[in-house]
Amino acid sequence: MKRWIQAMGTGMLGSRDLSYEEAVEAAHEMARGDSTDAQCAAFLMALCMKGEADEELMAFIDVFRSYSLKYHTFADSLNCAGPTEGRQYFPITLPVSLLLASVGFSQVLHGGDSLPPRQGTAMKELLESFGVAIDLSVKAWETMLFHLHIGFLHTEQLCPPLGKLKQVREQLGLRTVMNTVEKVINPVRSMNMIIGVNQRKAMESLIPISIRSGFQNVYIVNGIEGSEDLPIYQNSTIRIVTTWGDESRVVEPQKFGFLSEPLLPLSKDDQVAMVRRIIAGEDSEELKRERDHVIFNTGLRLTWFDKVGSYEEGFQLAESLLQRKEAHKVMQRWVDQSHHFTLKDHPKISDSSAKFG
């Protein structure tokens with residue numbers, strides 16, 4: 001690892017980008033555990049200070065994918081990895097994903113434990129609070145995704161070398177190439193991805209690698225907390241990357257009649273409680289701000305990925321699904337079946353419907 005650190009330098013004369021082959025070798029050293037934590041930290045810091053080149057990013061993505069668990073292909077699914085720092089605000093993607101799953105659009109959520117610089121509530125924590133069992137065999141997880149159209153993969157289990165780097169990343173306390181690797185690891189080879197970024201300039205680095213990573217339709221969103229969730233209290237810039245090229249677009253919620261004050265920070269318990277109430281069909285004024293965010297983001301994704309013919313149709317469908325408690329039904333089955341597989345390792349989905357919460 002030392003030679004690659006020296007090759008990159010720290011922005012001084014003589015520093016350079018690594019070739020794809022060199023970066024592959026460095027990534028393998030890191031993934032195999034052939035480098036010390038100090039060497040890994042120095043390498044990630046040097047790469048961050050220099051700026052990751054496309055070939056370096058692709059090398060790390062390819063290598064760490066090779067160390068991940070192998071799942072069957074679910075090409076028509078939507079791949080979504082939340083912010084690595086966790087969430088301090090209402091987790092819009094969770095109810096949105098439940099609604100999308102309820103109409104048969106498979107949702108593959110994944111992520112690790114929250115990391116610095118800002119530590120919020122990770123998706124894993126939210127789901128465990130609902131009672132979803134996370135530790136499933138590959139076969140059980142695949143069966144559940146096929147029947148329920150939703151699943152969550154914990155990064156540290158999905159790709160053990162990423163889990164081993166957790167302590168290094170925590171100590172560094174900054175975003176590195178591993179944040180990108182974690183978000184685009186794509187365990188089921190989805191053709192569709194929605195990915196959040198903290199800054200608009202981060203969009204540029206994702207554009208050239210999105211299609212090379214195997215995706216065909218990618219929406220890069222400068223969303224709330226660097227997530228994939230668009231606010232309705234301000235306009236947002238998104239980048240759409242397809243096999244035919246990329247384009248920038250401004251999303252203006254007020255054009256569709258959506259407007260609200262900014263969301264407020266919430267504890268994990270408050271996030272869970274608010275999601276429960278919204279997916280249970282409650283439409284009180286107290287929840288209007290968060291509920292409208294769910295309807296808006298669900299409508300966007302339904303339209304973006306060609307599940308409806310227009311944004312208006314998407315928003316109407318999202319509201320109807322909430323009223324019919326379809327997200328609640330999916331969550332209830334998710335909780336029930338995840339424990340069914342965990343406890344019994346049964347090869348088929350059962351028909352029982354244990355209550356969650």
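The values are calculated or read from the model by the stated rules, or taken from the named source; none is laboratory data. Computed from a predicted structure; not experimentally measured. A quick note on method: Cβ atoms are made from the backbone with ideal geometry, for glycine too, and the neighbour counts reach across all protein chains shown. Only protein heavy atoms, including side chains, enter the accessible area calculation; ligands, DNA and RNA are left aside. Shrake-Rupley method; radii C 1.70, N 1.55, O 1.52, S 1.80 Å.
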Practice problem: Report, in debye and to the nearest 20, how large the dipole of the stretch 1-94 comes out about its Cα centre when Lys and Arg carry +1 and Asp and Glu carry -1 on their Cβ. | Solution: 260
Self-check item: Per residue accessible area of the chain, 1.4 Å probe, in Å²
Solution: 42
Practice problem: Mind putting a number on the dipole of the chain about its Cα centre? Charges go on the C-beta only, +1 for Lys and Arg and -1 for Asp and Glu, and I need it in Debye to the nearest 20. | Solution: 340
Quiz item: Rounded to whole Å and sorted largest first, what semi-axes of the equivalent ellipsoid does the C-alpha gyration tensor of the stretch 126-172 yield via the square root of 5 times each eigenvalue?
Solution: 25, 13, 8
Self-check item: Sulfur and carbon atoms: percent of accessible area, the chain [1.4 Å]
Solution: 49
Quiz item: Taking the simple approach of a point 7 Å from Cα along Cα-to-Cβ for both A75 and I240, what is their distance in nm?
Solution: 2.2
Practice problem: Work out the charge dipole of the stretch 246-345 with +1 on the Cβ of Lys and Arg and -1 on the Cβ of Asp and Glu about the Cα centre, then indicate which of M274, S310, L263 is farthest towards its positive end. | Solution: M274
Quiz item: Give me the log10 of I(q) over I(0) for the chain at q = 0.06, 0.07, 0.15 Å⁻¹, as the Debye formula computes it from C-alpha points; what are the numbers?
Solution: -0.22, -0.29, -1.33
Exercise. Give the angle, between 0 and 90 degrees and rounded to the nearest 10, that separates the Cα long axis of helix 288-304 from the longest principal axis of the Cα atoms of the chain.
Key: 70
Exercise. Estimate the FRET efficiency between I207 and R118 by the formula 1/(1 + (r/R0)^6), using the beta-carbon distance for r and 30 Å for R0, to the nearest 0.05.
Key: 0.75
Quiz item: When we measure straight from the Cα of K50, which lysines land under 17 angstrom away, once same-chain ones fewer than 8 places off are left out?
Solution: K2, K201
Exercise. Name the lysines eligible as straight-distance cross-link partners of K124: C-alpha to C-alpha under 17 Å, and not fewer than 8 places from it in the same chain.
Key: K166, K183, K268
Quiz prompt | Pairwise label distance in nanometres, Y67 with L259, each label 7 Å out on the Cα-Cβ vector | solution = 5.1
Exercise. Would you please state the base-10 log of I(q)/I(0) at q = 0.12, 0.20, 0.23 1/Å for the stretch 98-193, with intensities from the Debye formula using one equal scatterer on every alpha carbon?
Key: -0.41, -1.09, -1.33
Self-check item: Rounded to 5, percent antiparallel among DSSP beta bridges of the chain
Solution: 40
Self-check item: Cα-centre dipole for the stretch 257-333 with unit charges at Cβ (Lys and Arg positive, Asp and Glu negative), debye to 20
Solution: 420
Quiz item: Cα to Cα, under 20 Å, and not fewer than 8 places away if on the same chain: which lysines meet these conditions relative to K325?
Solution: K288, K307, K355
Practice problem: Mind giving me the FRET efficiency for D283 and R200? R0 is 35 Å, r the Cβ-Cβ distance, nearest 0.05 is fine. | Solution: 0.55
Exercise. Return an integer: the convex hull volume of the alpha-carbon atoms of the stretch 223-269, in Å³ per residue.
Key: 107
Self-check item: Ratio Rg/Rh, restricted to the stretch 154-193 and using Cα atoms, in which Rh is the Kirkwood radius
Solution: 1.01
Quiz prompt | Equivalent ellipsoid dimensions for the stretch 9-150 as semi-axes, Å, which come from the Cα gyration tensor, largest first | solution = 34, 19, 14
